[in-house]
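Trainee: I have a structure I would like to understand better, so I am pasting it below and will then ask my questions one at a time.
The values are calculated or read from the model by the stated rules, or taken from the named source; none is laboratory data. Predicted, not measured: the structure shown is a model, and the values here were computed from it. Glycine gets a Cβ as well: all are built from the backbone with ideal geometry, and neighbour counts include every protein chain shown.
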Amino acid sequence: MPKASVCTIGDEILIGQIVDTNSSHISRALNSLGIRVGKMVSIADDATQINDCLEAELKDNDIVVCTGGLGPTKDDITKETLARLSGAKGWVENLTQKEIIKNLLSSRGIDILDINLRQALVPDSCDVIPNRLGTAPVMVFRFPAERFGHPAVLYSLPGVPFEALGALPDVLEDIRTHFGLGAIVHRTLMTYGIAESALAKLIEPWETSLPADMHLAYLPNPMTGVRLRLSVYDADDSAPERIMAQFGLLRPILGDYIYATEDTSLEAVIGALLRGSGKTLSCAESCTGGMVSHLLTTVSGSSEYFLGSVVSYDPSVKTKVLGVDPGTIGKDGIVSSAVAAEMARGARALTGSTYSVSTTGWADAYGDENEPAGTVWIGVDGPLGTCTKKYNFRNDRKRNIERFAASALNELRKYILEDKTL
């Protein structure tokens, strides 16, 4: 199986000015071909660093894909550095890229300057994959075995994500042509409501008994829970079925902690449950400030089942709009099971929805010894009656709100699954 490294070049990445999204897209694409990415590296706009880092990566890998540093300005030094690294004797003009540059600039009403046309100049040591979305072509440097101890290929892509991803299919086709590729199969099982450490302990016997060619990864995320990813490298046609059989063994162990056997989200799973059922949904949110509703409405087709939401941040909105009894607030407190229940019932009555979900909590302040900061009460109302659930988190405000919203979606999901009227 070929080994690969992905490198990004640019000070703007290292100082945090922009987020590197190219590496994740490129790594995912390489994995789809059966190429395992062993390292991702970010390099400063410094010729010595670029040269030394790429030399090291080419020694350790069959394929190196780098992005960035190919602009027309003087601070973009990657092309000159690659020319020296590859032993180029001169420069050649790629006529295909030159015509693309002229057409792109003309279509945008931009003057065609020499500095732009110089983008079509490439080292005579490389092959060119034209970049049809920008001015800098993809340069492909093929190194013989005597240079690094094995044949190696370096692909230099522009750093602009739109251009890099646009050129990626042609890069992948070149890789297919020049490398014998084995398949990598990944499958994902989604869980929510159990911490990574507790999950690992619970499934330890299952994990220990996995076949030797299966590799398990734990991928926690506050919004989607803990993903379990099983991978088989150099996979044959039976790998997908074998992985799913292993996931099947987890169902009696994990029960409703499992919400999907694909890489998805809680809101998408809820959408799949409700779409076409004729059932509808509403929200009453306090501490989450509309995040639950936002997540639900990011799903395509959510207008079929989502009716609306009340963001009842102030107690007066809870009482005047949702019909929460002021006596309940006075007796039990604004963050309580009773208020969460009345909020959910109020939203359902107000909208006429089949189901409703509510949140009331302390994201980062107030609270007391019974309901400290990081506490949320979630209410769900529907044909089965009203259920409430309390969660306590110990994060900052933003992360607490995210966890509140995701936990509300998970309680809603479980309620809907229990409802036999679907």
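Trainee: Which count do you get for residues in segment 1-47 that are farther than 15 Å from ILE184 by Cβ, touching a residue at least 60 places away in the same chain (Cβ under 8 Å) and among the hydroxyl-bearing types (Ser, Thr, Tyr)?
Mentor: Counting residues in segment 1-47 that are farther than 15 Å from ILE184 by Cβ, touching a residue at least 60 places away in the same chain (Cβ under 8 Å) and among the hydroxyl-bearing types (Ser, Thr, Tyr) gives 3.
Trainee: Let me ask another. Run down THR298, THR351 and say which single residue is hydroxyl-bearing (Ser, Thr, Tyr) and out of contact with any Leu (no Cβ under 7 Å at 6 or more places or on another chain). Talk me through it step by step, then tell me what you get.
Mentor: Details: THR351 fails: out of contact with any Leu (no Cβ under 7 Å at 6 or more places or on another chain).
Exactly one of THR298, THR351 is hydroxyl-bearing (Ser, Thr, Tyr) and out of contact with any Leu (no Cβ under 7 Å at 6 or more places or on another chain), namely THR298.
Trainee: Additional query: Does segment 148-167 include one or more residues that are more than 28 Å from ARG394 (Cβ to Cβ), among the aromatic types (Phe, Trp, Tyr) and part of a loop (DSSP other than H, G, I, E, B)?
Mentor: Keep residues of segment 148-167 that are more than 28 Å from ARG394 (Cβ to Cβ), which gives 148-167.
Adding the requirement that they be among the aromatic types (Phe, Trp, Tyr) leaves 148, 155, 162.
From the residues that got through so far, the ones that are part of a loop (DSSP other than H, G, I, E, B) too are none.
Taking every residue of segment 148-167 in turn, none turns out to be more than 28 Å from ARG394 (Cβ to Cβ), among the aromatic types (Phe, Trp, Tyr) and part of a loop (DSSP other than H, G, I, E, B).
Trainee: Suppose we keep only residues that are of a type in the set (Lys, Arg) and more than 22 Å from GLY352 (Cα to Cα) within segment 234-280. Which one would you say is surrounded by the fewest Cβ atoms within 10 Å (Cβ to Cβ)? Can you show your working first?
Mentor: Looking only at segment 234-280, we keep the residues that are of a type in the set (Lys, Arg), and these are 242, 251, 275, 279.
So of that shortlist, the ones also more than 22 Å from GLY352 (Cα to Cα) come out as 242, 251.
Numbers: ARG242: 17, ARG251: 13.
It comes out as ARG251.
This table checks each residue for (1) touching a residue at least 40 places away in the same chain (Cβ under 8 Å); (2) of a type outside the set (Ser, Thr, Tyr); (3) part of a strand (DSSP E or B); (4) surrounded by fewer than 20 Cβ atoms within 10 Å (Cβ to Cβ).
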{"residue": "ILE50", "(1), (2), (3), (4)": "yes, yes, no, no"}
{"residue": "LYS59", "(1), (2), (3), (4)": "yes, yes, no, yes"}
{"residue": "VAL65", "(1), (2), (3), (4)": "yes, yes, yes, no"}
{"residue": "GLY69", "(1), (2), (3), (4)": "yes, yes, no, no"}
{"residue": "GLU80", "(1), (2), (3), (4)": "no, yes, no, yes"}
{"residue": "ALA83", "(1), (2), (3), (4)": "yes, yes, no, no"}
{"residue": "GLY87", "(1), (2), (3), (4)": "no, yes, no, yes"}
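Trainee: Which of the numbered conditions does SER125 fail, given that it passes all the others? Conditions: (1) surrounded by 14 or more Cβ atoms within 10 Å (Cβ to Cβ); (2) at pLDDT below 95; (3) polar (S, T, N, Q).
Mentor: (2)
Trainee: I would also like to ask the following. Tell me which residues, restricted to segment 121-143, are touching a strand residue (DSSP E or B) at 6+ places or on another chain (Cβ under 9 Å) and of a type outside the set (A, V, I, L, M, F, W, C). Outline the logic, then answer.
Mentor: Initial filter on segment 121-143 (touching a strand residue (DSSP E or B) at 6+ places or on another chain (Cβ under 9 Å)): 121-131, 136-143.
Once the filter is applied, which keeps residues that are touching a strand residue (DSSP E or B) at 6+ places or on another chain (Cβ under 9 Å) and of a type outside the set (A, V, I, L, M, F, W, C), segment 121-143 yields PRO123, ASP124, SER125, ASP127, PRO130, ASN131, PRO137, ARG142.
Trainee: Does ALA344 qualify as being under 25 Å from the mean Cα position of the chain (by Cα), surrounded by 20 or more Cβ atoms within 10 Å (Cβ to Cβ), in the same structural domain as VAL321 (by TED's automatic domain parsing) and not basic (Lys, Arg)? So that I can check it myself, show each step before the final result.
Mentor: Working: under 25 Å from the mean Cα position of the chain (by Cα): no; surrounded by 20 or more Cβ atoms within 10 Å (Cβ to Cβ): yes; in the same structural domain as VAL321 (by TED's automatic domain parsing): yes; not basic (Lys, Arg): yes.
For ALA344, the condition - under 25 Å from the mean Cα position of the chain (by Cα), surrounded by 20 or more Cβ atoms within 10 Å (Cβ to Cβ), in the same structural domain as VAL321 (by TED's automatic domain parsing) and not basic (Lys, Arg) - is not met.
Trainee: Between ARG36, ARG118, ARG132, ARG28, which is within 26 Å of ILE13 (Cβ to Cβ), touching a Lys or Arg at 6+ places or on another chain (Cβ under 7 Å) and not assigned by TED's automatic domain parsing to the domain that holds ARG229?
Mentor: On the way: ARG118 fails: touching a Lys or Arg at 6+ places or on another chain (Cβ under 7 Å); ARG132 fails: touching a Lys or Arg at 6+ places or on another chain (Cβ under 7 Å); ARG28 fails: touching a Lys or Arg at 6+ places or on another chain (Cβ under 7 Å).
Testing whether each residue is within 26 Å of ILE13 (Cβ to Cβ), touching a Lys or Arg at 6+ places or on another chain (Cβ under 7 Å) and not assigned by TED's automatic domain parsing to the domain that holds ARG229 leaves just ARG36.
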